[in-house]
Amino acid sequence: MSRYIQSFAWAFFVASFFAGRTKANETTIPLVINEIMASNSSGIRDPQNQYDDWIEIHNFGGDAIDVGGMYLTDDMSIPTKWQIPDNQPSATRISSGGYLLIWADEDIADNGLHANFKLNTDGEEIGLFDIDGATLIDRLAYPVQTTDISYGRFPDAGDDFSFFASPSPAARNDGAYSGQVADLQFSHRRGFYDSPFSVTIATETENAIIYYTLDGSKPYELNEQGSMNGTVYTQAIPITTTTILRAIAVKSGFKPTEVDAHSYIFLDRVIRQTGTGLPNTWGHAGADYAMDSDVVNNSAYRNTIKEDLKAVPTVSLVMPMKDWFDGSSNPQVGGIYANPSWEDTAGDLAERAVSVEYFDPATSEQFHIDAAVRLAGGSSTSPWKMDKLSMRLKFVSQFGETKLKFPVFGDDATDEFDTLVLDARMNNSWAYGGGVGISRSGLGQRDIAQYTRDQFVSDIQNAMGGYGPNGRHVHLYLNGLYWGLYWLHERPDEHFAAAYLGGEDEDYDVLKHNSGNVINGSSSEYNGLFSTANVGLRSPEQYESIQQVLDITNLIDYLITNYYVGNTDWAHQNWYATFNRVDPDGRWRYHSWDAEHVMEGLNDNVTGRNDSGGPTGLHRRLTDNTEYRMLFADHIHRHFFN
């Protein structure tokens, strides 16, 4: 395609997409949403020193305007979603020809102007409404966004739109792209290969330059030496062993492609991997990269092991090797796997940009997405209780798209995710402490390793009509190194609750383990729930009152699930609870979590648990009520005898 035709196609796309939807100055108030950044990883920071999404409002009139009391929304059906504070005139007054920057990060408690929503990198529409909450002043609809590239009006306050190579928050828009480089095409799909081949990469954009890397690093960004990272693609790339190929296409004056990644896995090499030359900076006895020869060479497995590695989907995580294993103790530069304690001490500083690939040999389904990765877990991240660590993938604007859209767990689950957990499963597993640890059955934890317990409990809760995390087995690779059988599953946080129960993420209070561990929102409503329970629930009026804020049916089935499996590491911890505080029909609901210590001892009995502030504590208060006891008995009959 010639550059002239491509430029015309780009202009036609923009004009068509926004026709009749983005006219500036929809009222006589001379304000426009002038520029937005929906994926900010290295640009301007907010007052809290964070790279957050932002929205720029421009006053193109002749007089200053105070926007205090007006509304911003990312949902045009809810014009009053966030009100600009009307008590800070010095902060909300926009001079003639001036600009105002608002952070879209959901952190409304922070100092500065912070909206209660984030921007979706997949594209959406933003509206600015007058103080009556009904009169539309301006709207801006935007397409899919790219990290560190802004989008807005060009020129300022105009009706034409463009991406900008150099974002200009609170300043005049300039440096608009002429078009966009067409997506990359690879001759070979990501997946498993037995024989060497050569891969070609192409783009339809004339005179575009393709950069690629084979070491896990991101191409076409400045490296530590100050030079552009990657190799310029000039000919087919030979692939003779397990290889991670990352590539991008660029052209002066054009918006570049996203960085794509293709993992090519050669299982003959995987089962003989040793990790020779890689850092010895982690593990209880030093690094361990090698495949276990007792498995690979065992007559029971050696003829099937390669097919076994294709029996479940594969997840390939790729980033610079130093981001995994560098031994530095500085959370901003060290490797996250070499410093597992950072999960508890470093917070977001211990997150890294990672390329995520998923491919399933059984169905040929696959996806690629950029995300943030961090280690996850409680006691499992104490160095080194076990060498195989869990990780959490976060789909956030700073690192790429704000949602993964793929049916990871089939048609019965959501197909949109903000977070996924790659669970190594510490207890009752082969990896536990090198074989130490005695279970309640009297056997070592490795002796009863089954890799099914946690998901089994969630599946029971779901089968009974509840809301437990969905999950599935995957084989995990780090930069082409086989890392083991992992359990990929959901995290029952605010994103999970909104996906299955409706509403917006910001509507939910989410607690984990106890009322003091607030994941989202606050604990005030949860404390109110227990205040109601502790007053007494014997009378019909008291029982009716608590049903207004607690899903009694959910609680009963959740309790029966955990009683049945003999969950001995519960309910003083290992639970999630969610509540939609803005929905009149919102109720507190419990979700299965970290149910590893179950079905261990024949005589385990947890039906007498009474954990203060937890679901068993609620149950004890509720058993004072005759109607509740009968309902509980009915559910036992339904699930065990019917």
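The values are calculated or read from the model by the stated rules, or taken from the named source; none is laboratory data. On a predicted model such as this, the values are computed, not experimentally measured, just so you know. Cβ: placed from backbone, ideal geometry, glycine included. Neighbour counts: every protein chain shown. Please note that ligands, DNA and RNA were not included when accessible areas were found on the heavy atoms of the full protein model with its side chains. Shrake-Rupley method; radii C 1.70, N 1.55, O 1.52, S 1.80 Å.
Specify whether the C-alpha gyration tensor of segment 227-383 places it in the rounded, prolate or oblate class, a ≥ b ≥ c being the square roots of the eigenvalues: rounded for a/c under 1.5, otherwise prolate if a/b is larger than b/c and oblate if not. Note, shape of segment 227-383 comes out oblate. When nucleic acids and ligands are ignored and a 1.4 Å probe is applied, Thr568 ends up with an accessible area of around 40 Å². Per residue, the chain reaches -5000 deg cm²/dmol at 222 nm when only DSSP H runs of four or more residues are counted, each adding -39500 (n - 2.57). In this structure the amide hydrogen of Phe266, modeled in the peptide plane, comes within under 5 Å of the amide hydrogens of Tyr193, Thr242, Thr243, none closer than 5 places in sequence on its chain.
As a calculated quantity, the FRET efficiency between Phe641 and Asn298 at R0 = 45 Å, using C-beta atoms, amounts to about 0.50. The distance separating the Cα centre of segment 318-380 from that of segment 111-145 comes to 32 Å. Classify segment 500-642 as rounded, prolate or oblate, taking a ≥ b ≥ c as the square roots of the eigenvalues of its Cα gyration tensor: rounded when a/c is under 1.5, otherwise prolate if a/b is larger than b/c and oblate if not. Oblate, since a/c reaches 1.5 and b/c is not below a/b. In the set [x] 1.05; [y] 1.15; [z] 1.01, the label that goes with Cα Rg over 2.2 N^0.38 Å computed for this structure is [x].
Of Ile239, Ile448, Ile131, the residue with the largest accessible area leads and the full order is Ile131, Ile448, Ile239 (1.4 Å probe).
Pairs from the table (Lys218/Lys255; Lys403/Lys512; Lys394/Lys512; Lys251/Lys394; Lys218/Lys310; Lys218/Lys322) lying more than 20 angstrom apart at Cα are Lys403/Lys512; Lys251/Lys394; Lys218/Lys310. The listed residues Lys81, Lys310, once ranked by accessible area (1.4 Å probe) with the largest placed first, stand as Lys310, Lys81. Among the protein heavy atoms of the chain, carbon and sulfur supply 47% of the accessible surface, probe 1.4 Å, non-protein parts ignored.
Solvent-accessible surface of the chain, averaged per residue with a 1.4 angstrom probe and all protein chains in place: 43 square angstrom. Mind giving me the FRET efficiency for Met630 and Asn610? R0 is 25 Å, r the Cβ-Cβ distance, nearest 0.05 is fine. According to the calculation, E is roughly 0.75.
Shape analysis of segment 216-284 places it in the oblate category; the axes a ≥ b ≥ c from the Cα gyration tensor give an a/c of at least 1.5, with a/b not above b/c.
Heavy-atom accessible area for Arg629, with the other protein chains in place and a 1.4 Å probe, reaches approximately 110 Å².
Taking θ as phi - 60° and the Karplus parameters 6.51, -1.76 and 1.60, the scalar couplings of segment 467-475 work out to 10, x, x, 7, x, 7, 6, 9, 8 Hz in sequence order, x denoting glycine and proline. For segment 595-607, putting each phi into the Karplus relation 6.51 cos²θ - 1.76 cosθ + 1.60 with θ = phi - 60° gives couplings of 8, 8, 8, 9, 6, 9, x, 4, 9, 5, 9, 10, 5 Hz, in residue order, rounded to whole numbers and with x for Gly and Pro.
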